[in-house]
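Worksheet for the structure shown next.
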Amino acid sequence: MALYNMKEILLDAQKRAYGVGYFNAVNLEMIRAYIEAAEELDSPIIIGTAEALLPIAPFEWIVPAMLDAARRARVPVAVHLDHTYHFNTLMQALRAGFGSIMYDGSRESHEDNLQHSAAIARIAHGMGVGLECELGSVSGLSDEAGHEDKMVYTEPSEAAAFLERTGADFLAVSIGTVHGVYKAEPHLDIPRLKQIRAAVDAPLVLHGGSGLSDADFQNTIAGGIVKINVFTDVILAAKRALAEHPEASYNDGICLAREAMKEATLEKLRIFGSAGKA
Ligand code: 13P
């Protein structure tokens, strides 16, 4: 029985200065890969899905599977909703049973982001659900019209007022990471991260965790990040495993992909320092 709330997991990580991985899941094989990796390392883990992934995995199919796997896991597992932009989807997520949700207002003006985040926080908190919001903007994702998000660094001087006015529980920061595959070597603004950390107490979230170096992870965790979102590296690992075995049957391919995703997850959990912290 190890379904945890994300807040419990992240507050422990904050106290003991390690990072916790968040991984998106769109099928049973991903859920299994993540939880097996976490169990093997005795590590807490956060799994979930995002609005953009709904065409692959509707809430009514994937959320019960994640909650059930979390309850049966031997390690703490939280089930969280990643990047979501629309009110209706957020309400459906609350009904589906996520323990925490992300409202991503980073495409909006600062004032709209504030007001919408605050409105969602009131509803989520009324249902005992935690809220992650983004201040600034991490680039790499695209909206429905195909426009890619711009990179806007988080302004440390705005962080405390943003959290106070919205009531958000977790803050996603923009310090130079990008979602997806990096087109150029990432340069993370660690001094900016430390300024944000000094200004607020809320757990800080790093998006775009694929393609970063071990040193990047060590520096960001030392700088105050406690949740690190990873997706691209996991699906690339599965894709490589399948490409290396074109002769594999469908069933064998499922197992090869799952093993590759588990390996990719193990690698991240070890770097984040969460092994042995369950
Ligand atoms: P990557 O796909 O770059 O790992 O980013 C994942 C992420 O931040 C999900 O919110």
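Read-outs throughout are calculated quantities, based only on the coordinates presented, and are distinct from any laboratory measurement. This one's a predicted model, so the numbers in the text were calculated from it and none came from an experiment. Backbone-built Cβ (ideal geometry, glycine too); neighbour counts: all protein chains shown.
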Region 203-278 - Rg (one decimal) and Dmax (whole number), Cα, Å: 14.6, 46
Highest GNM mean-square fluctuation, the chain, Cα pairs closer than 10 Å: which of 245, 83, 179? 245
How many angstrom lie between the C-alpha centres of region 167-188 and region 259-278? 20
Region 72-89 to region 215-230: how many Å between their Cα centroids? 20
The simple spin-label model distance between residue 245 and residue 155, using points 7 Å out along Cα→Cβ, in nm, is 5.2
Among 175, 152, 215, the residue whose Cα sits farthest towards the positive end of the charge dipole of region 109-242 (+1 at Cβ of Lys and Arg, -1 at Cβ of Asp and Glu, taken about the Cα centre) is 215
Going by amide H atoms built from the backbone, whose H comes under 5 Å of the H on residue 105, apart from near neighbours? 134
For the chain, the charge dipole (Cβ of Lys, Arg +1; Cβ of Asp, Glu -1; about the Cα centre) points to a positive end, and the Cα of 254, 184, 11 closest to that extreme belongs to 11
Quarter of the surface of the C-alpha convex hull for region 82-193, i.e. direction-averaged projected area in nm², equals 7.4
By the scheme Lys and Arg +1, Asp and Glu -1, what is the net charge of all other residues having a beta-carbon under 13 Å from that of residue 237? -1
To test your reading of the geometry: what angle, between 0 and 90 degrees and rounded to tens, separates the Cα axis of helix 190-199 from the longest principal axis of the chain? 60
Where Rh is the Kirkwood radius over the Cα pairs of region 15-129, the temperature 25 °C and the viscosity 0.890 mPa s, what D in µm²/s does Stokes-Einstein return? 165
Taking region 151-278, how much of its Cα-Cα pair set, in percent, is spaced more than 20 angstrom apart? 52
Check: region 1-121 dipole with +1 on Lys, Arg Cβ and -1 on Asp, Glu Cβ, in debye: 320
Can you pick out the pairs among 15/227; 239/277; 15/194; 15/262; 150/183; 194/227 whose Cα atoms lie more than 19 Å from each other? 239/277; 15/262
Checking the a/c ratio against 1.5 first, then a/b against b/c, what shape does the Cα gyration tensor give for the chain? rounded
Taking amide H positions as placed in the peptide plane 1.01 Å from N, state which residues far from residue 50 in sequence (5 or more) or on other chains have amide H under 5 Å from it. 82
Taking the Cα atoms only, what angle lies between the long axis of helix 250-272 and the longest principal axis of the chain, rounded to 10 degrees? 40
For residue 236 and residue 122, what is the calculated FRET efficiency with R₀ set at 30 Å and r taken between the beta-carbons, to the nearest 0.05? 0.20
Can you tell me the 0 to 90 degree angle between the C-alpha axis of helix 156-166 and the longest principal axis of the chain, rounded to 10? 90
Computed about the Cα centre, the charge dipole of region 115-157 from +1 Lys/Arg and -1 Asp/Glu charges at the Cβ has a magnitude in debye, to the nearest 20, of 240
